[in-house]
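Enquirer: Starting off with a structure, shown below.
The values are calculated or read from the model by the stated rules, or taken from the named source; none is laboratory data. Fair warning: this is a prediction, and the values are worked out from it, not measured in the lab. FYI the Cβ positions are ideal-geometry reconstructions off the backbone, even for glycines, and counts take in every protein chain you see. The accessibility values were calculated without ligands, DNA or RNA, using every heavy atom of the protein model including side chains. Shrake-Rupley method; radii C 1.70, N 1.55, O 1.52, S 1.80 Å.
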Amino acid sequence: MTTPADVIVQEIQELYLSDSIPWIIGYSGGKDSTASLQLVWNAIAKLPVEQRNKDVHVISTDTLVENPVIAVWVQNSLESIRIASREQNLPIKAHRLVPSLQNRFWVNLIGRGYPAPRNRFRWCTDRLKISASTQFIQELSEANNEAILVLGQRRGESQSRDKVMDHYSGSTRDRLSRNKDPKLSRVWVYLPVETWTSDDVWEYIITEPNPWGVNNQELFNIYRGATPDAECPIVVDSSTPSCGDSRFGCYVCTMVSQDKSMQAMVQNDEQKTWMQPILDFRNNYLAIKDRDVRDFQRMNGRIKLMNQELIHGPYLQEQRAKLLKELLRTQKIVQEAKVPGYGQIELISLEELDEIRRIWVEDKGEIEDFVPKIYQEIFDKPYPGKTLEPVPLDPNDLQLLREVANELDPEAAERLYRLTRSLLSVQFQSMQSQKRSKHLDRLEEVLTANAFRTEEEALAFALATETMSTEETIGDDIPDAIMLEE
């Protein structure tokens with residue numbers, strides 16, 4: 001049974017005045033979170049000024065790989081919220097949260113070589129969504145002993161979403177439920193629109209003026225034309241289902257075969273055809289059928305069998321370089337379109353490029369230093385990022401090393417070249433650093449990561465031993481959920 005809006009507003013006022021616990025509203029920019037925020041806003045605005053003494057924090061997590069149309073909508077909405085709350089003397093504060101540099105999508109996919117996310121290896125959700133929002137909520141709840149998290153989730157959206165909402169039931173406080181995540185044990189959960197249907201949400205936000213000044217009709221226009229009528233909610237734990245089928249998800253999502261929402265936007269609105277290159281990049285270069293472009297050893301050098309085949313690990317250097325080149329090419333095309341209202345669209349930041357470069361050169365020993373070369377090739381100007389310590393090998397030296405490797409072992413020339421180059425890289429880093437205590441460990445890591453000449457030798461060894469544990473990981477920091485379907 002649908003709860004009337006005026007009843008919810010009254011309920012919000014009673015909850016708001018009942019204690020001093022701060023509120024956090026998860027805001028994705030979609031219809032459900034908009035309706036929830038609008039209800040809370042209107043409820044607090046109707047209170048006398050002297051009773052508006054408790055902060056309400058509006059948080060929105062930008063994964064930095066969002067659909068650009070949605071990303072701009074949310075950013076503009078957050079700024080409108082900041083301005084309107086000051087003008088209306090409301091204790092509402094807007095926060096745009098982003099993943100830490102180490103957790104960002106391109107740093108992990110192109111930098112470290114993590115394979116594109118899939119059902120059994122969904123490494124992106126925690127890094128891109130959960131970590132930033134959980135940290136904010138955790139810090140606020142610990143500083144205030146408790147916090148109330150307001151989510152725009154509705155029953156009936158999907159069976160998986162209903163299961164998540166069932167976790168929030170059985171509260172000892174009326175209308176509030178304890179969060180099941182141990183990290184957020186001090187956080188209560190409130191779902192103001194859980195009884196509403198999609199039509200109820202639209203009726204409310206279209207007929208009721210938006211209190212922070214954005215035009216909800218524009219939001220309706222964003223929804224119109226794409227098939228799924230669902231948004232990607234604020235994510236605070238791993239039980240939340242994938243956002244792949246929602247309208248407001250990441251354009252890089254490989255949890256589904258197609259980004260139907262972006263495709264519909266491009267097809268149904270001439271003003272959004274500039275996103276076609278982004279869609280093409282996603283469809284052409286991000287795929288889960290990628291076994292042939294991944295190393296047969298894990299990041300830590302281990303090998304593992306599945307169905308008498310080796311489970312492949314991270315992307316090879318050539319594939320990572322190809323992904324970066326095509327991503328930068330796509331960014332250049334979109335930027336040259338000079339789309340009104342979107343500024344200088346950035347698919348990957350200079351900060352991320354610097355980190356990818358550092359990972360390639362310092363962590364992986366890829367002293368070819370491809371990032372500046374790729375940038376120069378695409379943009380026809382020098383790489384503007386940070387400088388790295390130069391290595392005493394120029395391209396001619398590396399080419400000679402490759403030729404020697406080919407002469408010594410034609411069958412495994414690339415493997416031999418990689419091993420020698422990486423060993424030299426570790427030695428160079430040790431010479432440049434005053435701290436050499438881990439030098440031997442680094443050398444051992446390189447030797448382990450290149451322990452087999454060919455995949456055939458690695459497979460024969462694995463079949464002979466059959467002792468690899470199914471609990472092992474793809475790397476020091478990746479769970480072994482990697483591609484069990486392959």
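Enquirer: In segment 286-317, which residues are of a type in the set (Lys, Arg), farther than 17 Å from GLY111 by Cα and in a loop (DSSP other than H, G, I, E, B)?
Expert: Of everything in segment 286-317, those that are of a type in the set (Lys, Arg), farther than 17 Å from GLY111 by Cα and in a loop (DSSP other than H, G, I, E, B) turn out to be LYS289, ARG302, LYS304.
Enquirer: Among the numbered criteria (1) assigned to a loop (DSSP other than H, G, I, E, B); (2) buried (at least 19 other Cβ atoms within 10 Å of the Cβ), which single criterion is violated by LYS54?
Expert: Result: LYS54 passes all but (2).
Enquirer: Turning to a different aspect of this structure: Just to be sure I understand, how many residues within segment 195-212 are under 29 Å from the mean Cα position of the chain (by Cα) and either surrounded by fewer than 20 Cβ atoms within 10 Å (Cβ to Cβ) or assigned to a helix (DSSP H, G or I) (or both)?
Expert: 5
Enquirer: For residues in segment 77-101 being free of Cβ contacts under 8 Å to residues at least 40 places away in the same chain and farther than 30 Å from PRO48 by Cβ, which is surrounded by the fewest Cβ atoms within 10 Å (Cβ to Cβ)?
Expert: In this case the residue turns out to be SER100.
Enquirer: Please tell me if ARG320 is open to solvent by 30 Å² or more (accessible area, probe 1.4 Å), within 21 Å of TYR285 (Cα to Cα) and either part of a helix (DSSP H, G or I) or touching a residue at least 24 places away in the same chain (Cβ under 8 Å) (or both). Lay out the reasoning, then the answer.
Expert: Numbers: open to solvent by 30 Å² or more (accessible area, probe 1.4 Å): no; within 21 Å of TYR285 (Cα to Cα): yes; either part of a helix (DSSP H, G or I) or touching a residue at least 24 places away in the same chain (Cβ under 8 Å) (or both): yes.
For ARG320, the condition - open to solvent by 30 Å² or more (accessible area, probe 1.4 Å), within 21 Å of TYR285 (Cα to Cα) and either part of a helix (DSSP H, G or I) or touching a residue at least 24 places away in the same chain (Cβ under 8 Å) (or both) - is not met.
Enquirer: So which of ARG127, ARG86 ends up being closer than 27 Å to GLN258 by Cα and either part of a helix (DSSP H, G or I) or at pLDDT 95 or above (or both)?
Expert: Unique residue meeting the criteria: ARG127.
Enquirer: Does any residue in segment 215-231 that is within 17 Å of ASP199 (Cβ to Cβ) and in a helix (DSSP H, G or I) come within less than 8 Å, Cβ to Cβ, of a residue that is modelled with pLDDT of 85 or more and open to solvent by 70 Å² or more (accessible area, probe 1.4 Å) six or more places away or on a different chain, and which pairs are these?
Expert: ASN216/ILE206; GLN217/ILE206; PHE220/ILE206
Enquirer: If you check VAL107, VAL74, VAL7, which single one turns out to be out of contact with any Phe, Trp or Tyr (no Cβ under 6 Å at 6 or more places or on another chain), surrounded by fewer than 20 Cβ atoms within 10 Å (Cβ to Cβ) and in a helix (DSSP H, G or I)? So that I can check it myself, show each step before the final result.
Expert: Values: VAL107 fails: surrounded by fewer than 20 Cβ atoms within 10 Å (Cβ to Cβ); VAL74 fails: surrounded by fewer than 20 Cβ atoms within 10 Å (Cβ to Cβ).
None of the others qualify; the one that does is VAL7.
Enquirer: Something else: Mind telling me which of the residues THR240, THR254 ends up being surrounded by 19 or more Cβ atoms within 10 Å (Cβ to Cβ), in a loop (DSSP other than H, G, I, E, B), at pLDDT 80 or above and among the hydroxyl-bearing types (Ser, Thr, Tyr)?
Expert: THR254
Enquirer: Please verify whether segment 370-392 includes one or more residues that are in contact (Cβ under 8 Å) with a residue 40 or more places away in the chain, of a type outside the set (A, V, I, L, M), within 28 Å of ARG282 (Cα to Cα) and surrounded by 16 or more Cβ atoms within 10 Å (Cβ to Cβ).
Expert: Within segment 370-392, one or more residues are in contact (Cβ under 8 Å) with a residue 40 or more places away in the chain, of a type outside the set (A, V, I, L, M), within 28 Å of ARG282 (Cα to Cα) and surrounded by 16 or more Cβ atoms within 10 Å (Cβ to Cβ).
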